[in-house]
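In what follows, a single structure is set out as structure tokens and then discussed.
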Amino acid sequence: MDIVFDILLWVHIIAFVVGGANSVVMPIIGAKMVTATPDTRGTLTSIADQLSMFGKGAMVILLITGPLMLWLQFGWVVPNFWFWVKMALIVVMLVTISLSEINGKKARQGDMEAGRKAGQFGRITALAFLGVLLSAVLAF
């Protein structure tokens, strides 16, 4: 079973990298979208849509591989307090990503306030992402 866990961990790390890159790049794109020309906004929207698809896929993979690894490595026994910190920060990320999706639709239409909020959601998501990484290191 060690090889199964190792493969799951590898897939989990790749998904984490994809999601992390997304949490850095998307707020930049969202902030630029509101002041962009219509042609540039179309290009940025296309890029954002592709990144969003990869980010959502990464999150699904993380939500599948994480519990599987917890089961295989720890038999569902939570290793320590830091595991719960990690879970709480994942919830924060899911909420801010969902709010970013809603906000992104407004930014695509040129809503200046949505562009400002994109940066805020992005900073919260990025901080939560860093916290997830730190708490994962401390938990495992």
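Annotation: aspartates and glutamates with alpha-carbon distance below 17 angstrom to LYS32 (same-chain offsets under eight excluded): ASP49, GLU101, ASP111, GLU113.
What fraction of the Cα pairs in the range 2-139, stated in percent, has a spacing above 26 angstrom? Before the final figure, lay out each step's value.
Values: 2773 of 9453 pairs.
Cα-Cα pairs in the range 2-139 separated by more than 26 Å: 29 percent.
Here the residues PHE140, PHE74, ranked from fewest to most Cβ neighbours within 10 Å of their Cβ, fall in the order PHE74, PHE140. By other beta-carbon atoms within 10 Å, ranking PHE54, PHE129, PHE83 with the fewest at the front produces PHE54, PHE83, PHE129.
Label positions at GLN73 and THR43, each projected 7 Å from the Cα along the C-beta direction, are separated by 4.2 nm.
FYI, it's all coordinate maths here, none of it is from the lab. As the structure is a computational prediction, the values presented were derived from the model and not from experiment. Note: ideal-geometry Cβ built from the backbone for every residue, glycine included; neighbour counts use all protein chains shown.
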